[in-house]
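Reviewing the structure listed below.
The values are calculated or read from the model by the stated rules, or taken from the named source; none is laboratory data. Everything numeric here is computed off the predicted structure, so don't read it as measured data. For neighbour counting, all protein chains shown are included, and Cβ atoms are generated from backbone atoms with ideal geometry for every residue, glycine included.
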Amino acid sequence: MFRGVYTALVTPFASDGAVDEPRLRDLVDAQIAGGVDGLVPVGTTGESPTVTHEENIRIVEIVVEQAGNRVPVIAGTGSNSTAEAIDMTVRARDVGATATLQVTPYYNKPSQEGLYRHFSTIADRGGLPVVVYNIPGRTGRNVENETMIRLAGHDNIVGVKEASASMAQVMELVHSRPDGFCILSGDDNLTLPIVMLGGDGVISVASNVVPDRMKSLVEEALSGNAERARTLHYELLPLFRAVFLDTNPIPVKYALAALGRMEEVYRLPMCELSEDNKRKLDGVLDQLQIR
């Protein structure tokens, strides 16, 4: 269902800490002009842990309005409470989202059966196609492939944002998945190998900064042009590393601020990048002629 580059959008904040709606709309337009295939607001990169539920839905609504049916919008509406995730997903559906990104429940660490029931219940009752977000490094629980294949059998569970960092797990999943179940890399570094192994694209942090270049990389990889895709991958690798010099989304928001696209404002406990890491990121932006 989903194939290509989907940008995990940052959430711009104004100097008073409020959501910066004009900057968010500008970001949506810049991403679409850069050729991305879709937008993913209010995921980890969108600082979902520190926005209120009302802000979460309003951000989704703004992105949907500004996208204007030009690209699909996969709304981050996940929670470690199944009931809360359903409520947020229904609200995202009501403001026009195309699908929902549902993170693995964090902190409470459910069993594999609990994970299966969580995602299946959201798919049954949330009113949107579900993309599972598997990121055990943040949530403390991996969605094992046996569970993922069970979930893929649900008509309304359409794919996974795969950020387990295990290529063995990815290969097994690519080999075993049913037709129509998409596998999107959740790590810019691993986009090329995952696509070349049969994956469908990426939900990208780096594309906030270079949407056109990420689109070119993924297009070449999906077309089987391995040599060209590999060249583009290594050109962008310094940026892939730089946007994780600190906890996401701190570095990518700094990069966008350095490019004049938003203010460098976070909500605690997120805070600004160290001066040393700012210099490193500035060097990468200059090296890649991004500014």
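Please pick out the residue among Thr52, Thr82, Thr45 that is of a type in the set (Val, Ile, Thr), crowded, with 18+ Cβ neighbours inside 10 Å and over 21 Å from Gly127 (Cβ atoms). Give the derivation first.
Values: Thr52 fails: crowded, with 18+ Cβ neighbours inside 10 Å; Thr82 fails: over 21 Å from Gly127 (Cβ atoms).
Of the residues listed, the single one that is of a type in the set (Val, Ile, Thr), crowded, with 18+ Cβ neighbours inside 10 Å and over 21 Å from Gly127 (Cβ atoms) is Thr45.
Could you identify the single residue in Met262, Met214, Met270 that is touching a residue at least 40 places away in the same chain (Cβ under 8 Å), of a type outside the set (Ser, Thr, Tyr) and surrounded by fewer than 19 Cβ atoms within 10 Å (Cβ to Cβ)? Give the steps one after another, and end with the answer.
Working: Met262 fails: surrounded by fewer than 19 Cβ atoms within 10 Å (Cβ to Cβ); Met214 fails: surrounded by fewer than 19 Cβ atoms within 10 Å (Cβ to Cβ).
Met270 is the lone residue from the list that is touching a residue at least 40 places away in the same chain (Cβ under 8 Å), of a type outside the set (Ser, Thr, Tyr) and surrounded by fewer than 19 Cβ atoms within 10 Å (Cβ to Cβ).
Just give me the residues in the range 110-138 being under 16 Å from Ser164 (Cβ atoms), surrounded by fewer than 20 Cβ atoms within 10 Å (Cβ to Cβ) and at pLDDT 95 or above, in sequence order. Break it down stepwise before answering.
Taking the range 110-138 and keeping what is under 16 Å from Ser164 (Cβ atoms), we get 112, 115, 119, 131-138.
Those still in the list that are surrounded by fewer than 20 Cβ atoms within 10 Å (Cβ to Cβ) too: 112, 136-138.
If the condition is that a residue be under 16 Å from Ser164 (Cβ atoms), surrounded by fewer than 20 Cβ atoms within 10 Å (Cβ to Cβ) and at pLDDT 95 or above, then Gln112, Pro136 are the ones that fit.
Here's the yes/no breakdown for (1) closer than 19 Å to Ser79 by Cβ; (2) surrounded by fewer than 24 Cβ atoms within 10 Å (Cβ to Cβ); (3) among the β-branched types (Val, Ile, Thr); (4) modelled with pLDDT under 95:
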| position | (1), (2), (3), (4) |
| --- | --- |
| Gly4 | no, yes, no, no |
| Thr7 | no, no, yes, no |
| Val10 | no, no, yes, no |
| Leu27 | no, no, no, no |
| Gln31 | no, no, no, no |
| Gly34 | no, yes, no, no |
| Ile57 | yes, yes, yes, no |
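Restricting to the range 118-128, give me the number of residues that are within 15 Å of Thr98 (Cβ to Cβ) and touching a Ser or Thr at 6+ places or on another chain (Cβ under 7 Å). Can you show your working first?
Kept after step one, since they are within 15 Å of Thr98 (Cβ to Cβ), are these residues of the range 118-128: 123, 126-128.
Checking the rest, the ones that are also touching a Ser or Thr at 6+ places or on another chain (Cβ under 7 Å) come to 126-128.
So the answer is 3.
Residues that are touching a helix residue (DSSP H, G or I) at 6+ places or on another chain (Cβ under 9 Å) and touching a residue at least 60 places away in the same chain (Cβ under 8 Å): does the range 64-84 have at least one?
No: the range 64-84 contains no residue that is touching a helix residue (DSSP H, G or I) at 6+ places or on another chain (Cβ under 9 Å) and touching a residue at least 60 places away in the same chain (Cβ under 8 Å).
Just to be sure before I move on: is Ser164 of a type in the set (S, T, N, Q), modelled with pLDDT of 95 or more and closer than 16 Å to Arg241 by Cβ in the structure I sent?
Considered against the rule, which asks whether it is of a type in the set (S, T, N, Q), modelled with pLDDT of 95 or more and closer than 16 Å to Arg241 by Cβ, Ser164 comes out as no.
Consider Lys161 against the criteria (1) buried (at least 22 other Cβ atoms within 10 Å of the Cβ); (2) touching a Lys or Arg at 6+ places or on another chain (Cβ under 7 Å); (3) in contact (Cβ under 8 Å) with a residue 60 or more places away in the chain: it satisfies all of them except one. Which criterion is unmet?
For Lys161, the failing item is (2).
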